[in-house]
Amino acid sequence: MADKRINTNINNTFLRKALKNFATAYPIARAKAFEGIDFAALRHRIAVSKLAGLKRLPELIAQFTASAEKTGAIVHFCRTPEDANRTIHGIIQSKNADFLVKSKAMTSEEIELNHYLEARGIRCLETDLGEWIIQLAGERPSHMVMPAIHKNKEEVAELFSKETGSDCPADIPFLVQKARETLRSGFLTGQVGMSGANVAMADSGAIALITNEGNARLVTTLPQTHIALIGVEKIVPSLDEALDVIEVLPKNATGQKLTSYLSFIKGPTGGDGRELHIVLLDNGRTDLAANPEFQTALQCVKCGACANVCPIYEIVGGHVFGHIYVGGIGLVLTPFFHGFDKAEEILKLCIGCRKCNEVCAAEIDIEGLIVDLRDKIRKPFGQKFMFGTMMKNRKLFHAALRAAYLAQKPFQSAGGRIRHLPMVLNRETANRSLPPIAETPFRDLMLKRPTTPTLAPKQEKVLFYSGCLADFVYPEMCTDTVESLEGLGYSVAFPQEQSCCGIPARYSGEMDAAREMAKLNIDVLLSEEADFVVTICPTCTMSITHDFVKLLADDPLYAEKAKRLAAKTLNYSELAARKIPPSPPLSKGGETAKQVVTYHDACHLKRGCGIHEEPRRVLRELANAEIKEMSDCDKCCGFGGSYSIKYPEISQEVLKNKLSNINETGVGILAVDCPGCKLQIEGGLEASGSKMRVEHTATLVRERMR
């Protein structure tokens, strides 16, 4: 079923165009909106204040309840969606009403309120344009703040024609005017109004609403009774914290400097006979707030930015990449709000590019939470064998790779690359070629090298951690790495006992196997004295510097060792950049003409390790290159390790976007710092007939030394 929905959305040309256009425009608008504002400082304040509030959430709930009741509001605390639905139904019944008008009530989607009330004879009318379109279509929102982004004007015109009984042309101004006219009677005749809240203040009992259409003001003031349905995580201590959320929301959500309407509501509005009912929804939130492993998920301010920048959301949309809440944070919240059975498939859809982390308004490690949650879902037996038995056993794993060298021969083209695999496996090579497993892995080549000479005075020693892909597929890249580092003055050794870093196991939810592989590599890499450990794979770098520490934080024997190893582990470009300017000059034949390259930032290098400028410095100063930057240079290439095997259709669509940006530069060389990115992009370029070279930075540095 998941594959069918994925393919349906991939082939939906309007959806793809709408999402791509928004993904292109959003970063520009967002950057303009944040001009003159320190986004990092703003989101850090939000993260700190929200986390502090979550740690005393029961106290804030009690304080808000008392403050709101002092203003005349009636507060209902509801543990479950069923409690909330019954409570809201009871309020409406008590008013002898059968018509509810709603605005900005995304939380009501979470509890499926409309279905509940309509089954009991109460009509619900969504008055926000996007939500009304979705209601007429009988669908759920595909984005937190743009719920109908997946609908085109023809579909909307058809829905409006059916609803109004008159022919509505597919003209946007006409449709907007028709919506105003049709919804106006709802505002005037609605007996009970419902809203959500973007933030609630514990000290005053006030709530704040941010809107663009103004409907919320009508819904909260015209009916005699106003119900505000609010998730308890929206409660902050005071106006100071609320103003930070209010400042960040429009900028991060849609790239607006300001929202059109900002409303503060404190107690019933409009005189005698008016009632304000505040329904505080728990639905697992207080338990999640007390969970130290996942509590930060509730720092979310519901801006939707994680979907705005997600390369997977851009391809498949929110009805695939989410349940009720969509995007990266939607994947995290789903198991806690709706159960792990609803999250098993969608948690696997994240490619791990960490773009969501970069724009999150509350500093949530969204990608990290998604990976940790994969440990909680069911895994197939074959996966457990692969990671828990085969990959954990270095000799068995490497023997399998050596056997694969022989097995691949029937599928290699004349140039050596793999273009077609048999039967179902052919999905993985569609629209790209694959490099073959090398006849001689790098580890075997190192055994044939002369013994490393004694260190010269003050010469720094480096242990080279190659990673599996480079070792067995790109041994020449590894050789370039060693020779270039030696040319820069380092002494390089290759520990033969090193094994997989464990990231494939961790990303597949096999945390026990990942811990065992972390311990194996820590023992190997700390058994030999060295100044640095260097990697040429950013995923390996992130694994050693971040994941080993996290996985073994509670291990009394390995926690300190993991930190010690992390402190001296660097990516190739970091280490090479320490030798700028080079001494002596690298070029052996005098100064040569600069070569023009474009550079692709690997996701785990830029956003996982925070390395962005060092590769460019190395290319300019050590490889004598001029860099012509491509558009979206840090956008994911679609590889994601095993992701490109599990979801080849999505992977290939992400790759197409990357190839388009690369080709627009018109250069002859693409520089990368990740073997996986090289595999993905080089395969796509080769399959399209491009002659562009894709080379690791280490190779380009080594070429200048020759």
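The values are calculated or read from the model by the stated rules, or taken from the named source; none is laboratory data. It should be emphasised that the depicted structure is a prediction, and the values quoted were computed from it without experimental measurement. Don't worry about glycine lacking a Cβ; one is built from the backbone with ideal geometry, like all the others, and counts go over all protein chains shown.
Within the range 287-303, identify whether any single residue is surrounded by fewer than 18 Cβ atoms within 10 Å (Cβ to Cβ) and either touching a strand residue (DSSP E or B) at 6+ places or on another chain (Cβ under 6 Å) or outside any loop (DSSP other than H, G, I, E, B) (or both), and answer yes or no. For the range 287-303, residues surrounded by fewer than 18 Cβ atoms within 10 Å (Cβ to Cβ) and either touching a strand residue (DSSP E or B) at 6+ places or on another chain (Cβ under 6 Å) or outside any loop (DSSP other than H, G, I, E, B) (or both): present.
From A33, A84, A62, grab the single residue that is in the same structural domain as T225 (by TED's automatic domain parsing), modelled with pLDDT of 95 or more and buried (at least 18 other Cβ atoms within 10 Å of the Cβ).
One residue alone meets the criteria, A84.
If the condition is being over 29 Å from the mean Cα position of the chain (by Cα), under 26 Å from D523 (Cβ atoms) and of a type in the set (S, T, Y), then the range 480-505 contributes T481, Y490, S491.
Residue-wise test of (1) among the acidic types (D, E); (2) within 23 Å of A577 (Cβ to Cβ).
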| site | (1), (2) |
| --- | --- |
| E460 | yes, yes |
| F494 | no, yes |
| P504 | no, no |
| D531 | yes, yes |
| V534 | no, yes |
| T541 | no, yes |
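For the range 553-568, the count of residues that are in contact with a strand residue (DSSP E or B) (Cβ under 6 Å, 6 or more places away or on another chain) and within 21 Å of I503 (Cα to Cα) is at least one. I'm trying to understand the selection: among the residues of the range 448-475, which are of a type in the set (D, E, K, R), surrounded by fewer than 22 Cβ atoms within 10 Å (Cβ to Cβ) and without any contact (Cβ under 8 Å) to a residue 40 or more places away in the chain? Across the range 448-475, the qualifying residues are K448, R449, K458.
Here I46 meets the list (1) of a type outside the set (F, W, Y); (2) in a helix (DSSP H, G or I); (3) in contact (Cβ under 8 Å) with a residue 12 or more places away in the chain; (4) in the same structural domain as M194 (by TED's automatic domain parsing) almost entirely, failing just condition (4).
In the range 470-518, which residues are among the aromatic types (F, W, Y) and touching a strand residue (DSSP E or B) at 6+ places or on another chain (Cβ under 7 Å)? Within the range 470-518, Y490, F494 meet the criteria. Taken over the range 148-196, the criterion of being buried (at least 16 other Cβ atoms within 10 Å of the Cβ), part of a loop (DSSP other than H, G, I, E, B) and of a type in the set (A, V, I, L, M) is satisfied by A148, I149. The conditions of being within 28 Å of D365 (Cβ to Cβ), among the charged types (D, E, K, R), surrounded by fewer than 23 Cβ atoms within 10 Å (Cβ to Cβ) and at pLDDT 95 or above are met by D634. If you go through the range 153-208 and keep only what is β-branched (V, I, T) and touching a helix residue (DSSP H, G or I) at 6+ places or on another chain (Cβ under 9 Å), you end up with V156, T164, I172, V176, T182, V192, V199, I207.
Residue-level analysis places V248 outside the set of residues that are more than 30 Å from the chain's Cα centre (by Cα) and touching a residue at least 24 places away in the same chain (Cβ under 8 Å). Among the residues making up the range 317-353, those that are part of a loop (DSSP other than H, G, I, E, B) and over 27 Å from G676 (Cα atoms) are G318, H319, H323, I324, Y325, G339, A343. Checked against the criteria, E213 does not count as touching a helix residue (DSSP H, G or I) at 6+ places or on another chain (Cβ under 8 Å), surrounded by fewer than 24 Cβ atoms within 10 Å (Cβ to Cβ) and at pLDDT 95 or above. Per the listing L19, L51, the residue uniquely under 28 Å from P250 (Cβ atoms) and surrounded by fewer than 18 Cβ atoms within 10 Å (Cβ to Cβ) is L51. Only one entry of K392, K384, K448 meets the criterion of being of a type in the set (D, E, K, R), at pLDDT below 70 and closer than 18 Å to Q498 by Cα, and that entry is K392.
If you go through the range 476-489 and pick out every residue that is buried (at least 23 other Cβ atoms within 10 Å of the Cβ) and among the hydroxyl-bearing types (S, T, Y), you end up with 2.
N252 - would you say it is touching a strand residue (DSSP E or B) at 6+ places or on another chain (Cβ under 6 Å) and either polar (S, T, N, Q) or surrounded by fewer than 23 Cβ atoms within 10 Å (Cβ to Cβ) (or both)?
Judged against the criteria, N252 is not a match.
Residues that are crowded, with 21+ Cβ neighbours inside 10 Å and out of contact with any Gly (no Cβ under 9 Å at 6 or more places or on another chain) within the range 222-243 comprise V232, A242, listed in sequence order.
Can you find, within the range 128-170, the residue that is nearest to Y26 (Cα to Cα) among those that are of a type outside the set (A, V, I, L, M) and in contact with a Gly (Cβ under 6 Å, 6 or more places away or on another chain)?
Only one residue fits best here, namely H143.
In the range 198-226, of all residues being without any contact (Cβ under 8 Å) to a residue 60 or more places away in the chain and of a type in the set (G, A, S), the one that is nearest to L262 (Cα to Cα) corresponds to A208.
In the set A105, A97, A137, A119, only one residue is under 24 Å from N283 (Cα atoms) and either surrounded by fewer than 23 Cβ atoms within 10 Å (Cβ to Cβ) or acidic (D, E) (or both); that residue is A119. For the range 255-279, the set of residues classified as of a type in the set (D, E) and surrounded by 14 or more Cβ atoms within 10 Å (Cβ to Cβ) consists of E275 only.
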